[in-house]
Each structure stands twice: as C-alpha cells, then as structure tokens.
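Beneath this line is the structure, given in structure tokens, with notes to follow.
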C-alpha cells in the first residue's frame, strides 16, 4: 500500500530520533573549518589537508566543513572528499551552508533555484555521512507565509534524505534566536531544528539575553551546537561563560555534537585547543 506524506514523515521522525550520538566527551567534539578560512583555500591548504591534520593537532575526530571550503557539490568530488575524510579518520558532523540564494524572491525562478541549491547540499550531506546542514533564514522583511513554506519545503526534502535542516542564531538582525524558535515551532517538523551558537546572540551586548537565547535554541536543538566564549563587536571583546552555557545544554537534555568555532582574538589554533580543553572539562 502507498505511504501517505504524513505517514512518511512520521516514520522519518522515528528514524531520526533513534539516531545515536556518541556518549564519550571527546567523541562529541569537532572542529569547524570556518575559523581557519585564512589557511584553507586562499591560504594554500586544501580542505582534505586540513581534515587530515585534525586528529593529530586537536585529538578529536569530528569536522564541520564550511560550504565555501568545498570545491564543488558535484557527486564525484564529494565522494572523493568522503574517502579522504575516512582515510584521515575524521567524520562530518554538519555542513554550514553559506551560499547566495533568494528564498523569498518575488521571482519564482529564484525561489526554485534556492530550493535546488539547498537540495544539492542535502545530497552532499548524504554522501559525506553528515546528519545535517545549516541554512540561513530568509530576510527579516520576507513575507511570513513564504518563510514558512520555504523552510517547510527544504525540511521535507531533508526528511526524504534523512538529513536535518538547521537554523542558527547567526546574525542578530535577521536570525534572532527567538524568531528562529517561533518559525521552527510553526513549521513543526523534526527535520527543522536549531543550531545554538554559544556567543552569537552576545552581539547585542547583553549577556543575560544571550543565555536566554541559547536556552531557547537548545530546547529545539538536535545534532550540533557551536562552542565559543567570545565575540568581537566593533573592536570590543564580549565574553560569555562556557560553564553556564554547557549547563544550559545539559538541562535541555542535549545529546548532540559540540563544534569548536573560535572567533576571538589571538591564534586560532591555540584558541581552538583552549575551547576543546574547556569542553572536556564541562562535559566530564
């Protein structure tokens, strides 16, 4: 008998929620390639070379490869990338997708192109064994119905491919944590989830707001969050408490990965190692 759409999504949700994440603290950690953008690509290092360095340099095996560090979404390239990751002993925990799209354009062709572009990244996630991709929210002034339909469509494609679509509290002007939570609740799909960033909401300059925002995000998180303890805004270093933020994640019952995304002052390698050491301490 044919499976209706609602039944299919229910079965997909069951499979998703049965996914197992590692319990050991170190195995829950990964390194985002975004902070190393001055080394990878234009800096002369390939994504494959950086991946191969992760286990020896950071003593973790997770990698979160930024979309702009990919040479292509062509299937042959992505398969080769997967083989190189396996050889290096690393696995992909998420793909943050930063691409130029127009999800709520007045032009139908541009809206369709957005979906096609996002779907290519979902397909890449399948080939890489990544549980998720992160996309950006439509603009703040976009029609609310379009926002919901756009994200519902990509979440449904994610459900078909068993890939979670994530929204991150990235830019406080357009991706405010509470706007994200409202949209996730309205779409109401287990394949549209939150990616809590420890410090992005601190860009408002209000630490208590950041903690409330992160708590709201963790209530809808599934597979990954970004670990950082400071943001630099207009030359000023704004800090948050890792201890308090890890406690928020624990209270939420979060079981997914923690990806290091150092974005502060100083050496990115030393900063990433410091975040890993702190993460191991708070996850002990």
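The values are calculated or read from the model by the stated rules, or taken from the named source; none is laboratory data. Predicted, not measured: the structure shown is a model, and the values here were computed from it. Note: ideal-geometry Cβ built from the backbone for every residue, glycine included; neighbour counts use all protein chains shown.
What are the residue pairs meeting all of these: first residue in region 161-175, first residue closer than 21 Å to residue 126 by Cβ, second residue modelled with pLDDT of 95 or more and surrounded by fewer than 18 Cβ atoms within 10 Å (Cβ to Cβ), Cβ atoms under 6 Å, and 6 or more apart or on different chains?
Once the first residue is closer than 21 Å to residue 126 by Cβ and sits in region 161-175, its partners that are modelled with pLDDT of 95 or more and surrounded by fewer than 18 Cβ atoms within 10 Å (Cβ to Cβ) give 161/126.
Restricting the search to region 50-97, which residues are out of contact with any helix residue (DSSP H, G or I) (no Cβ under 9 Å at 6 or more places or on another chain) and closer than 18 Å to residue 268 by Cβ?
Within region 50-97, 56 is the sole residue that qualifies.
Go through 260, 202 for me and flag whichever is within 29 Å of residue 162 (Cα to Cα) and in contact with a helix residue (DSSP H, G or I) (Cβ under 7 Å, 6 or more places away or on another chain).
260
Residue 43 versus (1) within 20 Å of residue 271 (Cβ to Cβ); (2) modelled with pLDDT of 95 or more: which is the lone unmet condition?
(2)
Name the single residue that is nearest to the chain's Cα centre (by Cα) among those in region 109-125 being exposed (fewer than 15 other Cβ atoms within 10 Å of the Cβ) and farther than 14 Å from residue 99 by Cβ.
Among them, the one singled out is 112.
So is residue 156 in a helix (DSSP H, G or I), modelled with pLDDT of 95 or more and surrounded by fewer than 18 Cβ atoms within 10 Å (Cβ to Cβ) or not?
no
If you go through region 85-110 one residue at a time, how many are farther than 29 Å from residue 226 by Cα and part of a helix (DSSP H, G or I)?
So the answer is 3.
Can you tell me which residues in region 126-141 are buried (at least 17 other Cβ atoms within 10 Å of the Cβ), in a loop (DSSP other than H, G, I, E, B) and over 14 Å from the mean Cα position of the chain (by Cα)?
Passing the criteria: only 138.
Among (1) over 30 Å from residue 149 (Cβ atoms); (2) touching a strand residue (DSSP E or B) at 6+ places or on another chain (Cβ under 8 Å); (3) in a loop (DSSP other than H, G, I, E, B), there is one condition residue 170 misses while meeting the rest; what is its number?
(1)
Would you tally the residues in region 190-207 being in contact (Cβ under 8 Å) with a residue 60 or more places away in the chain and buried (at least 21 other Cβ atoms within 10 Å of the Cβ)?
5
Please specify each residue of region 174-183 satisfying the condition of being part of a helix (DSSP H, G or I) and either over 14 Å from residue 135 (Cα atoms) or within 15 Å of the chain's Cα centre (by Cα) (or both).
177, 178, 179, 180, 181, 182
Quick one: count up the residues across region 28-52 that are in a helix (DSSP H, G or I) and either in contact (Cβ under 8 Å) with a residue 12 or more places away in the chain or within 24 Å of residue 100 (Cα to Cα) (or both).
Adding up the residues that qualify gives 9.
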